[in-house]
Amino acid sequence: MIETGTLSLMRELLETLYLFLPAGVANATPPLLTRFFGPGRPIDGGLLWRGRPLLGAHKTWQGLIGGTCAGVATFAIQRAFDGLAVPLLFGIAISVGALAGDLVKSFAKRRLAVAAGRVWFPFDQLDYVIGAIAAGAPFLALTPQSIAAVVIVYFALHLAVSAIGFVLGVKATLI
């Protein structure tokens, strides 16, 4: 028999993972948009900083806006069907936070001369999760266990979704 405390912890972890689903959707959307609509307009407009792109051509307005909208739509659907007591601003925050985490990581990659599109493991898999957690923190009191669960599960999901995207030709790299 499972103890009540264990069930409570399991429920908390599953609810937290569910709440962060919009961040995962926001993160997965930009490559799909590029695949179906072509490359968008770069956020950095081609600007260079110290001879290197600020963010790179792969970070586009299409991806930022489309990813945010997809994440927010996912959260709105969750709220409509599940009656989530979490404010809509949380869904907006984690969707934007996921993409902001990716932009910060891209900025760091350019500063460290990591080529655009080149895998930077494990940062490419964690950037959006860290950004979403940071943006969502003002709305939820996350326990260390919940944070660990979000990082571990969404890291693994990112790897799985990336592999599927690679097989389908949506992503250029396996990881």
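The values are calculated or read from the model by the stated rules, or taken from the named source; none is laboratory data. Bear in mind the structure is a predicted one, so any value in this text is a computation, not a measurement. So basically every Cβ, Gly included, is an ideal-geometry build from the backbone, and we count neighbours across all protein chains shown.
Quick grid of which residues meet (1) outside any loop (DSSP other than H, G, I, E, B); (2) more than 13 Å from the chain's Cα centre (by Cα):
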{"residue": "97", "(1), (2)": "yes, no"}
{"residue": "105", "(1), (2)": "yes, no"}
{"residue": "147", "(1), (2)": "yes, yes"}
{"residue": "171", "(1), (2)": "no, yes"}
Can you find even one residue in segment 123-131 that is surrounded by 17 or more Cβ atoms within 10 Å (Cβ to Cβ), hydroxyl-bearing (Ser, Thr, Tyr) and closer than 20 Å to residue 66 by Cβ?
yes
Within segment 115-145, residues being more than 21 Å from residue 9 (Cα to Cα), part of a helix (DSSP H, G or I), in contact (Cβ under 8 Å) with a residue 24 or more places away in the chain and not acidic (Asp, Glu) number 8
Do we have residue 95 as in contact (Cβ under 8 Å) with a residue 24 or more places away in the chain, small (Gly, Ala, Ser), over 13 Å from residue 22 (Cβ atoms) and surrounded by 21 or more Cβ atoms within 10 Å (Cβ to Cβ) here?
no
Search result, residues across segment 79-91 that are buried (at least 17 other Cβ atoms within 10 Å of the Cβ) and assigned to a helix (DSSP H, G or I):
90, 91
Conditions: (1) among the small types (Gly, Ala, Ser); (2) assigned to a helix (DSSP H, G or I); (3) crowded, with 19+ Cβ neighbours inside 10 Å. Residue 76 meets all but one. Number of the miss?
(3)
Residue 86 is checked against (1) over 17 Å from the mean Cα position of the chain (by Cα); (2) more than 14 Å from residue 23 (Cβ to Cβ); (3) not basic (Lys, Arg) and fails just one. What number does that condition carry?
(2)
Within segment 50-67, is even one residue crowded, with 20+ Cβ neighbours inside 10 Å, under 16 Å from the mean Cα position of the chain (by Cα) and under 18 Å from residue 133 (Cα atoms)?
yes
Residues located in segment 137-148, provided they are modelled with pLDDT under 90 and surrounded by 12 or more Cβ atoms within 10 Å (Cβ to Cβ)
140, 142, 143, 145, 146
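Among the residues of segment 46-54, are any among the basic types (Lys, Arg) and either at pLDDT 95 or above or in contact with a strand residue (DSSP E or B) (Cβ under 6 Å, 6 or more places away or on another chain) (or both)? Steps first, answer last, please.
Step one: filter segment 46-54 for residues among the basic types (Lys, Arg), giving 50, 52.
Those still in the list that are either at pLDDT 95 or above or in contact with a strand residue (DSSP E or B) (Cβ under 6 Å, 6 or more places away or on another chain) (or both) too: none.
For segment 46-54, residues among the basic types (Lys, Arg) and either at pLDDT 95 or above or in contact with a strand residue (DSSP E or B) (Cβ under 6 Å, 6 or more places away or on another chain) (or both): absent.
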Looking at the structure I just gave you, is residue 40 in a helix (DSSP H, G or I) and either touching a helix residue (DSSP H, G or I) at 6+ places or on another chain (Cβ under 9 Å) or surrounded by 12 or more Cβ atoms within 10 Å (Cβ to Cβ) (or both)?
no
Going through segment 152-169 in order, the residues found to be part of a helix (DSSP H, G or I) and either touching a residue at least 40 places away in the same chain (Cβ under 8 Å) or surrounded by 17 or more Cβ atoms within 10 Å (Cβ to Cβ) (or both) are 153, 154, 157, 158, 161, 162, 165
